[in-house]
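Read through the structure below, which is laid out as structure tokens, and then see the notes.
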Ligand code: AMP
């Protein structure tokens, strides 16, 4: 099973992806997680990405496409994967289409979690509080001001990715404001699982 979860930061993509990983034994490919790991490890990619990520901007298409190209080719991705946080631009979506075509792979679903953007800042504040309460480090970009920059990047660059998939008849939109369980059920219905 191969699917893409689309939606603005804080829409619940990571939460739903983690559940689908458990349920279907597929891997979650989050470019945000991979970039954070690169930053933590101080790799050349991490060094390039760090300041951009901390400011809430988008890392270059070239870097993230390279990361995904390598990651999809890993053996553990053979059973299937969920892309979370990628593609974030139409150029990334086009590159992914070419990559999958070359590998003879097809997407089973592209799901957009549609949310009320006004409610997202509150969700992010909650995520930061819960992470802090669990004694874990809080993401620097889960700060209300930086979050607004991330949302602006979404509206400027990523909002165009949904029409890209809609035009190909691949897009399903789900109401991401529902409780987590209801969103999960709606996703399962799309996947027929
Ligand atoms: P996320 O965890 O998906 O919210 O990503 C955190 C940050 O990583 C984003 O704000 C971007 O700076 C960077 N990032 C993650 N995925 C991408 C992508 N597909 N394209 C560009 N930048 C990305």
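None of the figures in this text is laboratory data; all of them are computed from the coordinates on show. What you see is a predicted model; the values in this text were computed from it and never measured. Note that each Cβ is placed from the backbone with ideal geometry, even for glycine, and that neighbours are counted across all protein chains shown.
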* **Rough spin-label spacing in nm, given labels placed 7 Å along Cα→Cβ, for residue 100 and residue 76** => 2.2 nm
* Asked: Say a paramagnetic label sat at a point 7 Å from the Cα of residue 190, along Cα to Cβ; which residues of segment 102-141 have their backbone N under 12 Å from it?
  -> 108-115
* **R0 of 22 Å, Cβ-Cβ distance residue 159-residue 123: FRET efficiency to nearest 0.05** => 0.75
* To do: Before anything else, pin down the relative contact order of segment 87-193: Cα pairs under 8 Å, at least 6 apart, normalised by residue count, whole percent.
  => 42 percent
* Extension reserve of the residue 133-residue 182 stretch, reckoned as 0.36 nm per residue once the Cα distance is removed -> 15.0 nm
* Asked: So, in Å, what gap is there between the alpha-carbon centers of segment 116-132 and segment 1-59?
  -> 17 Å
* Can you tell me the relative contact order of the chain? Whole percent, Cα pairs under 8 Å, sequence separation 6 or more. => 32 percent
